[in-house]
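The values are calculated or read from the model by the stated rules, or taken from the named source; none is laboratory data. This is a predicted model, so every value here is computed, not measured. Because the Cβ atoms are built from the backbone with ideal geometry, glycine has one as well, and the counts that use them run over all protein chains shown. Please note that ligands, DNA and RNA were not included when accessible areas were found on the heavy atoms of the full protein model with its side chains. Shrake-Rupley method; radii C 1.70, N 1.55, O 1.52, S 1.80 Å.
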Amino acid sequence: QVQLVESGGGLVQAGGSLRLSCAASRRVLSLDAMAWYRQAPGKQREFVERITNGDATNYADSVKGRFTISRDNAKNTLYLQMSSLKPEDTAVYYCHAHEVRSSARTNEFWGQGTQVTVSS
């Protein structure tokens, strides 16, 4: 089992910045990939940004150039640096971890989410 605990959400004005954190109970390098997702009221959960244990990254077009995913291996923590925030970024943000155990078994873990609200 891996526990993921998000923090850093809050209320911010449009154009502002926030940094979200996700503390993991396991060494993050032992996980094949970690990612951030978000879910706005009345909408489906959507992918935001992902990083592998080899430091490859990918991201949604909606956050390109504004959000940056990273991790601190010593602190077992994943980060999402968000800049130039827009009201449409308002959502609950979730931390996700993917562990490959075998060709037939993978483990998926989710945090509880942290609310980000961007006012205009």
Considering residues that are assigned to a strand (DSSP E or B) and of a type outside the set (Val, Ile, Thr), the number found within the range 1-41 is 20
For the range 96-120, pairs from a residue that is among the small types (Gly, Ala, Ser) and open to solvent by 20 Å² or more (accessible area, probe 1.4 Å) to a residue that is modelled with pLDDT of 95 or more and in a strand (DSSP E or B), with Cβ under 6 Å and 6 or more apart or across chains, are Ser119/Gln13
Only unsatisfied item for Gln44, checking (1) open to solvent by 20 Å² or more (accessible area, probe 1.4 Å); (2) more than 19 Å from Ser120 (Cα to Cα); (3) modelled with pLDDT under 95; (4) in a loop (DSSP other than H, G, I, E, B), is (3)
